[in-house]
Every structure is written in C-alpha cells, then in structure tokens.
Amino acid sequence: MAFPSLITNRLKLVEINHNHVDSLYEILSLEEVTRYYGTDRFTYLGEASRLIDMFHKNFYEKRGIRWGIILKENQKFIGTIGLNALQMNNKRAEIGYELHPAYWRKGYISEAIKEVLRFSFEIIDLNRIGAVVYPENEPSLKLLMKIGFEKEGLLRGYIQQNNQFHDTYVLSLLKYEWENRQKN
C-alpha cells in the first residue's frame, strides 16, 4: 500500500521523511511536549532520525501509520499523529499525537484526529481506536472525550518515564459510535 496522505481544511497529513528531522527533533526535545508522551525528551538529533526510521518500518510491516502534520498555509511541520499497535486482523489500533506548543489550542489536533478517525473507520475498516492518556493530561482527555472517546479504565503503573511508573487512562471509540456521531 502506498502511504496515504490526508487533507483537511487547514492541514496536510503526510509521510514523515528525513527532511522533517529538524522539526521533529525541535518538538520532541521540549519538556512540555514529552511530559505526557511516554518517553523522555530528545537530547540529540539522531533520536529524531531513528524515530522516523521506526515510523517507516512500522508502516511497511503494517504495524502503524504516522503522519506529519503540515500547515497548508505555510507548509510548516507542526507535529505528528498516527495509529500505533495497528492490528488489521483484529481491526484495531491506538491513536497518538503531539503538536508543537505554539500550535496548541487552535483546533489543529482536533482537525487531524477527526481525519485520522475517518480514514481508520471508512478506508481501512477498523472497528476500534484506543488511546492511552496520562490522567494529568487533562486537555488531551477532554479533547478525546469531546470527539466521542469513552474512558474505559485506569491502567496502573502502565508507562515508565523518567525512571518513574505512571498510571494512564485507556479510552476507546468504536466504529458504530463514530458513525452515529457523524449522523448527528
């Protein structure tokens, strides 16, 4: 399968390549971005390069799809969004994303999530999209619940970051729930 580029009103969701390495590094080296990301912040450019290689490997092995989020107006790379733990046989995946703080609270990530959900349910026929979110990441929790995700429970000590274990909420959205929301 060729990499699926997606378009929204203000964004292009594109395959991430090594031309994006500086922008990706800039985003993932910020403590405020990685605080709830499940990994320590990046401290050297090679980490971003390896992550891009991992995105490519996951796509070609059909285990994930990660898009770069590009602003249409100026072609600026502002973050990534994707499907992790993709299991086509079980028709499920987990959504994950991060955005440069300069673009927070402008509706960009909501726009990107909605397009990835459309792609997931309509194009590749997934049945379930999950999300794993730190309880302290209230903006992300509120956004996902506003879009229609339901909180299923707390995973205790689920992620180790900065040498500490953290609880996370698990949320999900099922295809029929998404379809019902599209009708209303």
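The values are calculated or read from the model by the stated rules, or taken from the named source; none is laboratory data. Bear in mind the structure is a predicted one, so any value in this text is a computation, not a measurement. Here Cβ is always computed from backbone atoms with ideal geometry, including for glycine, and neighbour counts include all displayed protein chains.
A compact table of results
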{"read-out": "Single match in 38, 96 (criterion: assigned to a strand (DSSP E or B) and either modelled with pLDDT of 95 or more or surrounded by 14 or more Cβ atoms within 10 Å (Cβ to Cβ) (or both))", "value": "96"}
{"read-out": "Whichever residue in region 102-155 is part of a loop (DSSP other than H, G, I, E, B) and hydrophobic (A, V, I, L, M, F, W, C) and, among such residues, is farthest from residue 174 (Cα to Cα)", "value": "104"}
{"read-out": "Residues (of a type in the set (S, T, N, Q), more than 25 Å from residue 140 (Cα to Cα) and either at pLDDT below 95 or over 18 Å from the mean Cα position of the chain (by Cα) (or both)) located in region 16-35", "value": "19"}
{"read-out": "Complete set of residues in region 59-70 that are exposed (fewer than 15 other Cβ atoms within 10 Å of the Cβ) and either in contact with a His (Cβ under 9 Å, 6 or more places away or on another chain) or not in a loop (DSSP other than H, G, I, E, B) (or both)", "value": "60"}
{"read-out": "Residues that are assigned to a loop (DSSP other than H, G, I, E, B) and aliphatic (A, V, I, L, M), drawn from region 15-35", "value": "16, 30"}
{"read-out": "Residue 79 vs. criteria closer than 21 Å to residue 123 by Cα, at pLDDT 95 or above and either in contact with a Leu (Cβ under 6 Å, 6 or more places away or on another chain) or not charged (D, E, K, R) (or both)", "value": "no"}
